[in-house]
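Just below is one structure, and these are the notes that go with it.
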Number of protein chains: 2
Amino acid sequence: MPAEKPVELTANQCWDYIRKAEIGRLAVVADQHPEIFPINFVVDRGSVVFRTAEGTKLAAALEGAAVAFEVDGYDERLGQAWSVVLKGSAVQLESIEDILASEELPLFPWQSGQKNHFVRIDPVQTSGRSFMVNSAARRHYLRGTRPLPSVE
Amino acid sequence: MPAEKPVELTANQCWDYIRKAEIGRLAVVADQHPEIFPINFVVDRGSVVFRTAEGTKLAAALEGAAVAFEVDGYDERLGQAWSVVLKGSAVQLESIEDILASEELPLFPWQSGQKNHFVRIDPVQTSGRSFMVNSAARRHYLRGTRPLPSVE
């Protein structure tokens, strides 16, 4: 098997990666333009749940919107990068039961302060790939995650 | 100054973070739905340049498209997370001069293989925020970037 070819991940593998990542990025369309937001999230019963504050741009963009959610990472031990993308729709949790259930999820905003809305992404499509990273790209990746002070 | 409030970054600070990150995510709109792709990139003369292979979904979505480009990270020493988003349009490099200039950029695809197109993101809007991460979120972030084998 050629080591450099990307490998499509199974749905189970995708969810394993999503569960490990916890920080993801959400893409939405607002006024026909793409927007992208980093989010902290949890996996709950086959969906991704996150909090967002009332009145934010993200909250406004989410009204029933189609979303794409992405996590990626790099396994230094294996020399392997991976990325997973979920597509689906964002649904604000409305019922008191839904919200109470989600309050018990280990969900913390990156910043303190009110994060009033719980939003669930119900995925209709899950895809992911893993691939060996060549040494040049790897060096770049490592520079990205752990920038060295004197690298130009 | 309340430590928990996000701080808006200046354009210079945004570009410093972008230059350090090198791995970013590109959001585009395809058929009115958001798509998101992790990309390896470089900064060249106030723009972001990356490669993509002919015939890919990303290449198709990029024809003159509005794009959003995001990088994020966490500075463990400062306990500070940051994210930067560029918005603008994607332009495929066409002239031989442009392409030759970009060939000399330290741009490597994550995977080996042909990556034929060079694409430049010309930003029309640059925004970024940094914020202190509370301890719970920080734990989550660290779990995300460096997953511990036995954490549930």
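Let's see how each residue does on (1) facing chain B (nearest Cβ under 8 Å); (2) in contact with a His (Cβ under 9 Å, 6 or more places away or on another chain); (3) within 25 Å of B:S89 (Cβ to Cβ); (4) not in a strand (DSSP E or B):
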residue: A:C14; (1), (2), (3), (4): no, no, no, yes
residue: A:R25; (1), (2), (3), (4): yes, no, yes, no
residue: A:V28; (1), (2), (3), (4): yes, no, yes, no
residue: A:E54; (1), (2), (3), (4): no, yes, no, yes
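Keeping to the range B:49-74, report how many residues are closer than 12 Å to B:D122 by Cα and modelled with pLDDT under 85.
2
Quickly run through the range A:30-50 and pick out the residues that are within 10 Å of chain B (Cβ to nearest Cβ) and more than 18 Å from A:A66 (Cβ to Cβ).
A:P38, A:N40, A:V42
Select, from B:P34, B:P6, the only residue that is buried (at least 22 other Cβ atoms within 10 Å of the Cβ) and over 19 Å from B:H117 (Cβ atoms). Even if it seems obvious, please write down each step before you answer.
Values: B:P6 fails: buried (at least 22 other Cβ atoms within 10 Å of the Cβ).
Only one candidate qualifies: B:P34.
Restricting attention to the range B:49-57, does a residue exist that is touching a residue at least 12 places away in the same chain (Cβ under 8 Å) and among the β-branched types (V, I, T)? Quick ask: steps written out before the conclusion?
Here is the first cut: in the range B:49-57, the ones touching a residue at least 12 places away in the same chain (Cβ under 8 Å) are B:49-54, B:57.
Imposing the further condition that a residue be among the β-branched types (V, I, T) reduces the set to B:49, B:52.
Yes, the range B:49-57 contains at least one residue that is touching a residue at least 12 places away in the same chain (Cβ under 8 Å) and among the β-branched types (V, I, T).
Restricting the range B:82-110 to residues that are assigned to a strand (DSSP E or B) and either farther than 19 Å from B:N12 by Cβ or in contact with a helix residue (DSSP H, G or I) (Cβ under 7 Å, 6 or more places away or on another chain) (or both), which is modelled with the lowest pLDDT? Working first, answer last.
Narrowing the range B:82-110 to residues assigned to a strand (DSSP E or B): B:82-92.
Applying the additional criterion that residues be either farther than 19 Å from B:N12 by Cβ or in contact with a helix residue (DSSP H, G or I) (Cβ under 7 Å, 6 or more places away or on another chain) (or both) yields B:82, B:84, B:89-92.
Details: B:W82: 90, B:V84: 96, B:S89: 91, B:A90: 90, B:V91: 87, B:Q92: 83.
Top of the filtered list is B:Q92.
How many residues are more than 14 Å from the chain's Cα centre (by Cα), in a strand (DSSP E or B) and not hydroxyl-bearing (S, T, Y) when one looks only at the range A:56-81? Full working, then the answer.
Taking the range A:56-81 as the starting set, the residues that turn out to be more than 14 Å from the chain's Cα centre (by Cα) are A:56-66, A:74-81.
From what's left, in a strand (DSSP E or B): A:66, A:74-75, A:80-81.
Next, only the ones that are not hydroxyl-bearing (S, T, Y) stay: A:66, A:75, A:80-81.
Total satisfying the criteria: 4.
Within the range B:40-50, track down each residue that is surrounded by fewer than 22 Cβ atoms within 10 Å (Cβ to Cβ) and outside any loop (DSSP other than H, G, I, E, B). Can you show your working first?
Within the range B:40-50, the subset surrounded by fewer than 22 Cβ atoms within 10 Å (Cβ to Cβ) is B:42-47, B:49.
B:V42, B:V43, B:D44, B:S47, B:V49 - these are the residues of the range B:40-50 that are surrounded by fewer than 22 Cβ atoms within 10 Å (Cβ to Cβ) and outside any loop (DSSP other than H, G, I, E, B).
Could you check the range B:16-45 and list, in sequence order, the residues that are polar (S, T, N, Q) and more than 9 Å from the chain's Cα centre (by Cα)? Break it down into steps so the answer makes sense when it comes.
Residues of the range B:16-45 that are polar (S, T, N, Q), as a first pass: B:32, B:40.
Scanning the range B:16-45 gives a single hit, B:Q32.
The values are calculated or read from the model by the stated rules, or taken from the named source; none is laboratory data. Here the structure is a predicted model, which means the values were calculated and not measured. For neighbour counting, all protein chains shown are included, and Cβ atoms are generated from backbone atoms with ideal geometry for every residue, glycine included.
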